[in-house]
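To start, the structure itself, in structure tokens.
All of the numbers you see were taken from the coordinates with simple rules; none came from a lab. Just so we're clear, the structure is a prediction, and the values are computed from it rather than from any experiment. Quick reminder, even Gly has a Cβ in these numbers, built from the backbone with ideal geometry, and neighbours come from all protein chains shown.
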Amino acid sequence: MSFKVKLEIFEGPLDLLLYLVKKNHINIYDIPIAKIADEYMYYLELMRSLDLNIAGEFLVVAATLMQMKSRMLLPDLEEKGPDEVLEEEKQDLINQLIEYEKFKEIAEELRRKRLARESLFSRSQPPEVKKTEKEKYFEASIFDLLTAFSKVIKELPVELFYEAIKDEFTVEEKIHEILHLLLEKEAIKLSILFDKAKNKMEIIVTFLAILELIRLKEIKVIQKQLFGEIEIIRNTDNIIPYGETKDKSRN
């Protein structure tokens, strides 16, 4: 009996494009369309293979990228040459990415200010008790996770994602296993979880369990530096028991 988990994608297509631009150290003003289109389609196929719930916007951007890539191969049959049309489409995409990046930076700045303001009104402590400064980290995205996953699963044919997963590996059991490990340790490296897996099917189940725990807001996936090694920690801001839902009145 096969087991699939239907999960939402936490970021959108422009997030994926920005991720690819930064991961490949590409100048956002001079994006190599063919390279980005190929990588974008790779991630899209990987998400489909894992049965993630891909929003229609991902497919729209995929179609746009493939159309732009195909224009690079077309002969000049229009009033505007394919190079000129391609340049206009490319510039439009670049403008969207730049605007979206600015929006994300503003949203992140507002989030930091909100957290700083909340810390000012936190429960008072005796004067002699000094707060230890928390270690700074970057919260990893779904695409960071997919990159880490693809590295360990690279040789697995896409068709095998849909093979029956033996009863010894279930997503629910992996969820409890990960939460139990986080009771013993503050953080677990993703690479260690994958290394402990007995085979590729267990790696897939482990990955799906991590995605489910993120959806439930039970854990956070973090990096000490951008595109660095991924670690898993408990989401102490919003711990809820698995199988229960958060009281909406407490949002």
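Counting neighbouring Cβ atoms within 10 Å and putting the fewest first, the residues Met68, Met201 line up as Met201, Met68.
Each of Phe194, Phe58 was scored by other Cβ atoms within 10 Å of its Cβ. Arranged with the fewest first, they read Phe194, Phe58.
Greater than 23 Å separation of Cα atoms is the criterion. Which listed pairs, Lys35/Lys200; Lys22/Lys151; Lys69/Lys154; Lys35/Lys90; Lys23/Lys90; Lys196/Lys220, meet it? Where the Cα-Cα span goes over 23 Å, the pairs concerned are Lys35/Lys200; Lys69/Lys154. With neighbours defined as other Cβ atoms within 10 Å of a residue's Cβ, the residues Val85, Val205, Val171 order from fewest to most as Val85, Val171, Val205. Pairs exceeding 23 Å between alpha-carbon atoms, taken from Lys113/Lys224; Lys113/Lys189; Lys174/Lys217; Lys102/Lys189: Lys113/Lys189; Lys102/Lys189.
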